[in-house]
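First the structure, in the form of structure tokens, and then the observations on it.
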Amino acid sequence: MKFSLLAVGQQFEYQGETYIKSTPLIAHQVDSGEQRLIPRSANVISDVNPPGPVTDDAPHIDARDVQQAFAEFETRLQEQLHRDDRYARAFEEAKRAFFVRLKITPDQ
């Protein structure tokens with residue numbers, strides 16, 4: 001089976017070692033946790049028990065709760081950094097990336 005056909009989270013064997021697929025191109029070794037780039041076209045031996053379907057049992061987090069928690073975090077952090085321009089700019093970029101990753105806008 002090709003690596004690209006595995007589901008994220010699926011265990012497989014590659015070059016005699018057991019891995020779990022982490023991303024479309026990365027897997028981590030089960031024993032050591034070490035990450036490795038695996039070519040999409042690599043032949044792997046898939047686990048006979050692939051992960052089951054994702055259930056909707058996970059708790060849902062409201063975007064407003066995330067924004068409120070982040071705003072409180074930001075206030076505390078800014079107090080510690082004393083509004084140093086270098087850190088403030090770096091923080092704003094990290095904040096933007098955080099909300100982009102969650103696919104929400106800070107003002108939702």
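Nothing in this text is a laboratory measurement; each read-out follows from the coordinates by a stated rule. Worth saying up front: this structure is predicted, and the values here are computed from it rather than measured. Note that we place each Cβ from the backbone using ideal geometry, even for glycine, and neighbour counts take in every protein chain shown.
A few comments on the model shown:
- Between helix 85-102 and the chain: long-axis angle, C-alpha atoms, 0 to 90°, nearest 10: 50 degrees
- Residues whose amide H comes within less than 5 Å of that of Q10, counting only those at least five positions distant or on another chain, are K21 (H built at 1.01 Å from N in the peptide plane).
- The charge dipole of the chain, taken about the Cα centre with unit charges on the Cβ atoms of Lys, Arg (+1) and Asp, Glu (-1), comes to about 440 debye, rounded to the nearest 20.
- Taking the longest Cα principal axis of the chain as reference, the axis of helix 63-81 is set at about 60 degrees.
- Volume per residue of the C-alpha convex hull in segment 63-102, rounded to whole Å³: 48 Å³
- For the chain, convex hull of alpha carbons as volume per residue, Å³: 166 Å³
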